[in-house]
1. What accessible area per residue, rounded to a whole number of Å², is obtained for the range 57-170 using a probe radius of 1.4 Å?
2. Taking the simple approach of a point 7 Å from Cα along Cα-to-Cβ for both residue 57 and residue 167, what is their distance in nm?
3. Please work out how much accessible surface residue 10 shows to a 1.4 Å probe, ignoring ligands, DNA and RNA, in Å² rounded to 10.
4. Taking H placed 1.01 Å from N in the peptide plane, check which residues at least 5 places from residue 50 or on another chain put their amide H under 5 Å from its amide H.
5. Output ³J(HN,Hα) for the range 98-111: one whole-Hz value per residue in order, computed from phi by the Karplus curve 6.51 cos²θ - 1.76 cosθ + 1.60 with θ = phi - 60°, and x for Gly and Pro.
6. All other residues with a Cβ under 14 Å from the Cβ of residue 60 taken together, and with Lys, Arg as +1 and Asp, Glu as -1, what is their net charge?
7. Show the residues, 5+ positions off or on another chain, whose built amide H is closer than 5 Å to the amide H of residue 93.
8. Residue by residue through the range 143-151, which ³J(HN,Hα) values in whole Hz follow from phi under the Karplus form 6.51 cos²θ - 1.76 cosθ + 1.60 (θ = phi - 60°), with glycine and proline marked x?
Amino acid sequence: MKFKNKKIITVSVSIAIALLVLYLLFASIILVKSEPFNTQFIDLNGQIHTLKDFEGKFVFLNFWASWCKPCIDEIPSIERLKNKFDRSQIEFIIASDENLELIKAFQAKSSSSLDFYKYKATTQSTLIPQLLPMTYLIKGNGEIYERFLGSVNWDSSESVKKLEKWLTSK
């Protein structure tokens, strides 16, 4: 009897872990497709934006933090990628939930020309990263085209081809 109960507990825990992993991998995609425009982004001048402000444009949305080494390591490749594309087609948003002054200091220190924002999740927000760095490629209608978990070499030929394909998607 003791062995049978242990086996039931082990199977139950395994199922719970599998469900949690599936939730973490897919929940944000499902949620984002339903209401993508709720998250607020505060630019370095204090102006509040939402994805609705960029409607009609493709949006490269990267979530990062100043304490996250993989995040910092991928920023130069994002900047090089940005320089390969027409800004009238695509908006690059580099967003952190850190203090706005800390974000400003980071940008000044890095000498980056990327557009850094503080993201502010509202009670209705659906764009909340589960880990950092996390990047979303969002179509002009707000639909998520693809999501990337972890650091990516964004200016590699593979990444550039992926973005070119994304920009031609409807």
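The values are calculated or read from the model by the stated rules, or taken from the named source; none is laboratory data. This is a predicted model, so every value here is computed, not measured. Counting neighbours? That spans all protein chains shown, and the Cβs are built from the backbone with ideal geometry, glycine included. We work out accessible area using only protein heavy atoms, side chains counted, and drop any ligands, DNA or RNA first. Shrake-Rupley method; radii C 1.70, N 1.55, O 1.52, S 1.80 Å.
1. Details: 5350 Å² over 114 residues.
Here the residues of the range 57-170 average 47 Å² of exposed surface.
2. Inter-label distance under the simple model: 1.4 nm.
3. The accessible area of residue 10 comes to roughly 80 Å².
4. 41
5. So the Karplus estimates, Gly and Pro as x, are 6, 4, 4, 5, 5, 5, 4, 4, 4, 4, 4, 5, 7, 6 Hz.
6. Details: positive: 57, 80, 82, 84, 87, 139, 147, 162, 165; negative: 74, 79, 86, 91, 115, 146, 155, 164.
Here the count lands on +1.
7. Those lying under 5 Å, H to H, from residue 93 are 60, 61, 62.
8. Ordered by residue, 3J(HN,Hα) equals 6, 6, 8, 7, 10, 10, 9, x, 6 Hz.
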